[in-house]
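No lab work stands behind these numbers, since they all come straight from the coordinates. As the structure is a computational prediction, the values presented were derived from the model and not from experiment. For neighbour counting, all protein chains shown are included, and Cβ atoms are generated from backbone atoms with ideal geometry for every residue, glycine included.
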Amino acid sequence: MAELVRKTANAKLHDVKGRGLTAFVTALFTSTTQGTWVGGTIVLTDTELAFNANAMNRAVHKGTLDVSIP
């Protein structure tokens, strides 16, 4: 599996909720935008396209933070 591209990116994820104090703000923005913008890294290989959330977003969000498309 050869890595072709690695870039910093944002993804709009629908299955993400806030954790702790961010829960209210995340719920407010999610209801108006139908998703939450999460920062992370996108990696393109010869077999898949994957998004992985960064450490800060993992600390303040819960839910599906990693997505891959074969």
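At 222 nm, what helix-only mean residue ellipticity would the chain give, in deg cm²/dmol to the nearest 500, using -39500 (n - 2.57) for each DSSP H run of four or more?
Computed ellipticity for the chain at 222 nm equals -7500 deg cm²/dmol.
Farthest toward the dipole's positive end in the chain, which of A55, T26, V38, given Cβ charges of +1 (Lys, Arg) and -1 (Asp, Glu) about the Cα centre?
T26
If you put +1 on each Lys and Arg Cβ and -1 on each Asp and Glu Cβ, how big is the dipole of the chain around its Cα centre, in Debye rounded to 20?
So the dipole magnitude of the chain works out to roughly 340 debye.
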